[in-house]
Structure formats: C-alpha cells, structure tokens
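Here is the structure we will look at.
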Amino acid sequence: MPPYATTPPTLFTLILLSGLSVVSLNMFLPSLTNIAATFEADYALVNLSIAGYALAMAVLQLVLGPLSDRFGRRPVILAGLALFSLASLGCLLATDVWTFLAFRMLQAAIASGFAVSRAVIRDQVGAREAASLMGYLAMAWALAPMLGPMFGGALDQLFGWRASFWAFLGFGVAVFALCWVDLGETNRTPSATFRQQFRSYPALFRSGRFWGYALCMGFSVGAFYVFISGIPLVAAVLFDIGPATLGIGMGSITAGFVFGSFLAGRFAGGRALTTMMIVGRLVACGGLTLGLIALLAGVVHVVTLFGACICVGVGNGLTMPSSNAGAMSVRPDLAGSASGLSGALTVAGGAAMSALTGIVLTEANAAHALLGLMLLASVLGLAAALLVLWLDRRAAAPA
C-alpha cells in the first residue's frame, strides 16, 4: 500500500477533489431518458437522481463539516470518497429504479470533497491567502458542471448510460488514491468531544460577521439560480433562439464566473475580504442596472441581456472566494462546521430564488422581471457585504 500522507495536500489535489464533487451532480444528465427507459420508470421519478441528490448534498454538508472538526479532515474526505466509489458501483449494477436511486443518494457522500476541501485551505493559510486559493478552486467548480454533461453525453452515446457510473467509479478510486498519498491531516486542533464542539456553536451562530459572509454567498448564488431558472423563457419569448444557441448563452455567465474567479485568485491575497466582496457585488449590480436601463429604453437585444448576466458571473467569481474564506475565519476552530453551514445556506438561498423566479416570471414581464430579480439578489448580497465591513470597522474602532 502507498505511504500514508503526513503533509498538507497540493492545490492540484484539492482542485480534483472539488471538481469531482461538483461534476457528480450533472455529468449523467443527458442519460436520464435512457435510464428511465431501462428501468421502465417515469421520467419524473428518475429525475430524483438530480433533485434528490442536490438536497442530500445540502444536508450532508451540515453533517460532514462538524465531523471534520471533530475527527479531522482526512478521514472524513477519505470516507466520503470510499462511499462515493461503492455507491457508483451500486448504481451501475442496479437492476431496478429504486436500487439505482438508493445508491445515487449514497453517492452524495462526495459532498465531503466540496465542503471539507475549503476547510483544508483555511487550516493552512490566513483568510486573504485562503480567498486567493479558493479563487482557483472556484474555477474548477465552474468548469466541471460545464464539461461534465458533454463528457457524460459522449459516454452514453458510445457505450450506454452505465458508462458514466463506470467513470464515476474510476474517478472515485483514482482521487481516493491521490488523497491517500497527498492529503495529510490539516486540522491540528480537533474537538475533544462533540459536546465541547456543540458548546462552541452558539458563538458562530451569534456572529453577525458569519451571517454577513454566508448571506452574501447565498444571495450571490441566488442571482445565478434566477438566471438559469428564467433565461429559457426569456430567450423563447424575446429572441426565439434554438437550444444550441441558448446553451452557449447560458454558458456565458459561467465563463464570466471563471474569469472573475481567476481575478480573485490573482488579487484577493493582497486585499481585504470585504474589498473583494464589495467590488464583486458592484460589478454585478452595475451590469444588471445598465441592462435594465437598456430594456426600459427599448434596446432589446441578446447582447444587452446576456452582457448584463455575464457581469453577474464575473461579480460572483470575485465575491465567492472571499466570502467563503471569511465565513470560515470567524471561528477557525469551527472552519469545517462554518463551511458546511454556509454551503447549505447557499444552496437554500439558490433554491428560494429559483422558486421565486417561477412565481414571478411570465411571458409578459420575462426580461424585466429576470434582470430585476437578479438585481434584487445582487443588491441584497451587496448589503450583506457592507454589513461585514461595518462590523469590522466597529470592532476595530476602540483600537
């Protein structure tokens, strides 16, 4: 057996770990109809493999973060990878839809790679440098879901839908082996008992700074969820563009996020967390405001609409690494718990904004309502960032 890692992981290992935890959500999305046909099941039931999986990941983040504070980052990540690999094997060998769905929910154990890898970074470096490193991780979070469905669709076309789960099994085993040799323990001060850990939680929950960071993340991602929920209707009503063109347009906001994350990786290390957060929110709000003004002036064009949305992607790329690092810096001894809680709040915020979009958008108001809701979410994210800035300055005032 390869040697047991005793040193902190390389950034490359964390990028692969984070990428696998994200791509597992939607890589087999093009195969849903074939899976339904194989199991002779309703498409709505098979779709639980996406919606239910996302919910399971959100809930698990609340559990895996505290577990990593108590028992360490390494065992939680390795256990998550082992369960993910076994569950992938179960999915590809399943003979009925219920067995498939059960193992698919078990695959959500890979959430450890998303939640705990952020805590691993925060264990090793200060808040500003953590924000810089998370900028590069965020690029993987953006690129993985873009490329995953393309890869999964190609596998399905060549070998059938089970090939995606063979790929998941191979990825899981490979990343497990990599983490075994390159992911030493970084939590040097684990909680002695869960009771001691739970006694520390109220200080985290009562922290206005933690909620400011977490809400900034939630509303920033919420603007993205508004976009993906509403843009198909807007595109159909205003521009009558085909699915391929729409796919390119939807990818534009992700491309903006990758660019913003790259900028965060380059510049966040030398700037205050709130500076990067506020700049990101201003970029998003500014682009959306200009887009709304153009619409109100009668300038209805695909460039106007998607250009405003790209600004949201760039702004989120600038904001998210610093808000992530900030949430885990409020109580460094609870970095895993803070990562899990803030991650779950982000998913919940995105789901709430997505539901609101479905209620508000109609064919009559589609474009204006879309940009308006995205602007609302971005402004609320800006307000949360300004709250953190105010709390920081108030805390520093006596000194």
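Annotations
- A simple charge model with +1 on the Cβ of Lys and Arg, -1 on the Cβ of Asp and Glu and nothing else charged puts the dipole of the chain at about 1380 debye relative to its Cα centre.
- For the stretch 355-372, Karplus couplings with θ = phi - 60° (6.51, -1.76, 1.60), whole Hz, Gly/Pro x: 5, 4, 4, x, 6, 7, 5, 9, 5, 6, 10, 3, 5, 5, 5, 4, 5, x
- Distance between modelled label sites at Arg266 and Val237, nm, 7 Å Cα→Cβ extension: 3.8
- The mean sequence distance of close C-alpha pairs (under 8 Å, at least 6 residues apart), as a share of the length of the chain, puts its relative contact order at 27 percent.
- Span from the the stretch 342-369 Cα centroid across to the the stretch 75-147 one, whole angstrom: 25
- Split the chain at each of the trypsin sites (Lys or Arg not before Pro) in a DSSP loop with at most 14 other beta carbon atoms within 10 Å, and the longest piece is 207-399.
- GNM flexibility winner over the chain from Pro202, Pro332, Pro321 (Cα, springs under 10 Å): Pro202
- Förster-model FRET efficiency, 25 Å R0, Trp390 and Val299, C-beta, rounded to 0.05: 0.10
- In terms of its C-alpha gyration tensor, the stretch 302-399 has a prolate overall shape, because the principal axis ratio a/c (a ≥ b ≥ c, square roots of the eigenvalues) is not below 1.5 and a/b outweighs b/c.
- Alpha carbon centroid spacing (whole Å) that separates the stretch 257-294 from the stretch 1-60: 29
- Expressed in Å, the radius of gyration and Dmax of the Cα atoms of the stretch 80-137 are 16.1, 49.
- Three-way shape call for the chain based on the alpha-carbon gyration tensor, with the a/c threshold at 1.5: oblate
- When the convex hull of its Cα atoms is viewed from all sides, the stretch 1-158 shows a mean projected area of 10.3 nm².
- Listed residues Ser31, Ser117, Ser342, most fluctuating in the chain (Gaussian network, C-alpha, under 10 Å): Ser31
- Taking the stretch 203-396 and dividing mean pair separation by its residue count, relative contact order in percent (alpha carbons under 8 Å, at least six apart): 44
- Qualifying chymotrypsin sites (Phe, Trp or Tyr not before Pro) in the stretch 1-96, where qualification requires a DSSP coil assignment and no more than 16 other C-beta atoms within 10 Å, comprise Tyr4.
- Charge dipole of the stretch 203-396 about the Cα centre (unit charges at C-beta), most positive-ward option of Gly349, Gly280, Ala223: Gly280
- Rg(Cα) / (2.2 N^0.38 Å) computed for the stretch 203-396, rounded to two decimals: 1.03
- Only DSSP H runs of four or more residues enter the estimate; each adds -39500 (n - 2.57), and after division by the residues of the chain the mean residue ellipticity at 222 nm equals -27500 deg cm²/dmol.
No value in this document is a laboratory result; all are computed from the given coordinates. Just so it is clear, the model here is predicted, and its values are computed rather than measured. Ideal geometry is used to build each Cβ from the backbone, glycine not excepted, and the neighbour counts take in all protein chains shown.
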